[in-house]
Amino acid sequence: MHARELKKQIELLVLGREIYYDEIQIWLDTDRPLFEGAVQRQIEETNGKIDAIIKPMSQYNSVMRQQITLYQPTLAHLKLVQKVLDDFACNYFISRVEIACDWIVASEEQAWELQRLVADGYRHSSRHGYAFSNVKGTYYFSDRKTHKIVPVLYCRMQPKTTQNDQRPRTHFEYRLIGKKVCQNKNLCVLQHLIDYDLCAFLTKHMTFHPKPTKTQVGKVLLEKDNKPDRHRDTYIQKCDTFLTSQLGPNYPYKDVPLQQLLNFIPELTTVLNQGERVPL
């Protein structure tokens, strides 16, 4: 399946999009319980959630003494938290932001199919390359244990946000982990979160490299063998011969996941690096 056909198939599945903050973590310089009682009730009564853990940030930083986590906060929730922190003159910094886009689909089956199409047909690139893993049905397009910017893809059958739309969705989120990473994205204070253009952010960052064509795969294989050629038919024949040797005869190219191709032919990362980036 060519990149245009794959993107068209994805577009036919997607009925709508919802963009929002999925999670925000903030460290405070106070151990006073600021978010109990009325403030917490006000957030929870409007379908939000806030957790507060009073503890030193680390043995090397005892100034920051409380971590708060907001789940699916609305702008009203952010403004309320901002007011509380201003009223108590708290120093704070933002340590984690998850910016999410839900692709809304018609059924659970279509949510899983959309996830498969994206995971098998595209790679999200970063300066760290094309790391990819599947952990219990959640796809990570970066090393989640070592990297501080982690794109994530999974299915969410019940929406967590305040929207009334209860249809299934395939969920993509862009995790920014750590004070420095958040600051580099100009997310330093709550007012930045309130004013942030989430659509513009995802338009810039929610782009993927599509799976190479058979012609591109065959060309890379011939170059590996020091047998460069300029004929498209030769490239396709080389690709078919290689995949037959690896997967057996009559295995459709469209059914070969991109990660499997990269495992077979690591040199294909060069094709991805030089190729287009497709917004989804």
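Largest mean-square fluctuation among Lys214, Lys227, Lys83, in a Gaussian network model of the chain whose springs join Cα atoms under 10 Å apart, belongs to Lys227. For the stretch 3-209, relative contact order (Cα pairs under 8 Å, six or more residues apart, normalised by length) works out to 24 percent. Applied to the stretch 58-69, the Karplus parametrisation 6.51 cos²θ - 1.76 cosθ + 1.60 on θ = phi - 60° returns per-residue 3J(HN,Hα) values of 6, 5, 9, 9, 9, 5, 7, 10, 8, 10, 10, 10 Hz, with x for Gly and Pro. Residues with beta-carbon under 15 Å from that of Lys55, excluding Lys55: net charge, scoring Lys, Arg +1 and Asp, Glu -1? Value of the local net charge: -1. When the chain is treated as a Gaussian network with alpha carbon springs shorter than 10 Å, the biggest mean-square fluctuation among Ser107, Ser62, Ser133 belongs to Ser62.
Once the Cβ-Cβ distance of Lys55 and Val84 is raised to the sixth power relative to R0 = 22 Å, the FRET efficiency obtained is 0.70. Other residues lying with their Cβ under 10 Å from the Cβ of Gln40 contribute a combined charge of -2, Lys and Arg counting +1, Asp and Glu -1.
Against the chain, whose longest principal axis is taken from its Cα atoms, helix 214-224 shows a tilt of about 80°. Taking a point 7 Å out from the Cα of Gln246 in the direction of its Cβ, the residues of the stretch 83-126 whose backbone N falls within less than 19 Å of it are 117-124.
In a shell of Cβ-Cβ distance under 10 Å around Cys101, excluding Cys101 itself, what net charge do Lys and Arg (+1) and Asp and Glu (-1) give? Before the final figure, lay out the partial values.
On the way: positive: Arg17, Arg169; negative: Glu18, Asp22, Asp102, Glu173.
After counting each charged neighbour, the total is -2.
Against the main long axis of the alpha-carbon atoms of the chain, helix 108-121 sits at an angle near 60°.
In the set (1) -0.40, -1.29; (2) -0.45, -1.29; (3) -0.43, -1.12, the label that goes with log10 I(q)/I(0) by the Debye sum over Cα atoms at q = 0.08, 0.15 Å⁻¹ computed for this structure is (3).
Look at where the Cα atoms of the stretch 133-195 and of the stretch 36-64 average out, and the two centres are 20 Å apart. Each of Tyr20, Pro33, Thr203 was scored by the projection of its Cα onto the charge dipole of the chain, and the greatest displacement toward the positive side belongs to Thr203; charges sit on the C-beta of Lys, Arg, Asp and Glu.
Read-outs: derived from the displayed coordinates by stated rules, not from any lab. Everything numeric here is computed off the predicted structure, so don't read it as measured data. For neighbour counting, all protein chains shown are included, and Cβ atoms are generated from backbone atoms with ideal geometry for every residue, glycine included.
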